[in-house]
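Just so you know, all these numbers are worked out from the coordinates, no wet-lab data involved. Because the structure is predicted, anything quoted here is derived from the model rather than measured. Quick reminder, even Gly has a Cβ in these numbers, built from the backbone with ideal geometry, and neighbours come from all protein chains shown.
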Amino acid sequence: METDEFKDVFMPLARLMYVEAIRILRNQADAEDTVQDVFTRLWEHRDDLELIKNPKAFALAMIRNQCLNIINSVGYNKAVIGGQISGHATFMSSDPNDEIERVESIGTVMKLIDSLPDNQRNVIKMHDVEGLSKQEIARITGLSPDNIRQLLSRARKAIRNHFSSPL
Amino acid sequence: MDTTQIYKLRQLLERFYAADTAPDEEKSLRELLSDPDLPEEFLPDRNMMEAMSMLLPSENLEERISMRIDSFAQDEPVKSKESVKFRWPILLRWSAAVAAAVVFAVISIIRISTPIPAQAEMSPEEVYEQTAMAFMIFAEALDKGRAAIEIADSTTINASVKAMDAIFPIQQP
């Protein structure tokens, strides 16, 4: 597989791969490093990838496998809470409280997004998390641009309301 | 924060919650919300933007990946034409299609070249029987080709699974 073809196939998947990694690892630096590692491995084995019928599914499976390897490795504690895995990288931040707070914030905002009504959740995930434009979302979902704008507006307000309510 | 900045912040927030902001406007909004002198009324907006931004990669992640791929490509020796690997499953597919076509062609030629005994015109029933037999022979040839293609497909799937295991085997804890 030539360089241009490799990039045409896999570069558009980088953001999705990152989203999957942050969902599992709850750590931005780890998620970015994992995406870069997976791209390196994909490049090293690119000649074997021409037979892959679904590059998106394959790349996401690669990310999941590598994230699981990281979680299972020594020094990366894991605690299963309600079926979700939240990671605490014990060797990362010099202030463990900062890292724990960051991990919990990532978990909190992911739960908030998941608690939204289906349409709002899908639109805010596609737009604010995966980086798709409103036109791309319209093409994928069949929703009108006005409808998308409304759903995104409601979703953002709902998440903001969570942060404005007293603790 | 001065009055102009606060005015701009309010405008951007209104547009943001109406889902009308462009990416560069959202970047300006994040910069304004990160001001250390941000009035307290905007703290929930800042907390929300900070939380959402934790789900995002750094701005230049894709660029870094692309540059890394370019440097890998530059460091590699140029492949010679002789070293291109055969793609056996793809070869099998084409072989199966060619084999099916050849079988059909051979059978057709044999049937055409077989002398038909001189006889009076064939009855409609005889014509139907001959046509049905021709279709049956064609279907058998297709089936054999399809079986070969299924073998090639199965080989392709096995190759994908093997590639996944080779690149990233799941390590047991």
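Summary of values
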read-out: 11 Å beta-carbon shell around residue B:6, net charge (K/R +1, D/E -1); value: -2
read-out: Phi to ³J(HN,Hα) by Karplus 6.51 cos²θ - 1.76 cosθ + 1.60 over segment A:7-21, Hz, x for Gly, Pro; value: 5, 4, 7, 9, 4, x, 8, 4, 5, 4, 5, 5, 4, 5, 5
read-out: Net +/- balance of residues flanking residue A:134 in space, Cβ distance below 11 Å, scoring K and R +1, D and E -1; value: -1
read-out: Stokes-Einstein D (µm²/s) once Rh is taken as the Kirkwood radius of segment A:1-52 over alpha-carbon pairs, at 25 °C in 0.890 mPa s; value: 213
read-out: Sum of side-chain charges, residue A:117 neighbourhood, beta-carbon under 15 Å (Lys, Arg +1; Asp, Glu -1); value: +4
read-out: ³J(HN,Hα) computed for each position of segment B:58-75 - Karplus, 6.51 cos²θ - 1.76 cosθ + 1.60, integer Hz, glycine/proline x; value: 5, 4, 9, 4, 5, 5, 5, 5, 4, 5, 5, 4, 4, 5, 4, 5, 5, 7
read-out: Segment A:137-154 versus segment B:1-26: alpha-carbon centroid distance in Å; value: 21
read-out: 23 Å Cα-Cα threshold exceeded, pairs from A:7/A:53; A:56/A:125; A:56/A:111; A:7/A:111; A:56/A:157; A:134/B:27; value: A:56/A:111; A:7/A:111; A:56/A:157
read-out: Angstrom value of the Kirkwood radius, inverse mean 1/r, which spans all Cα pairs in segment A:112-153; value: 9.9
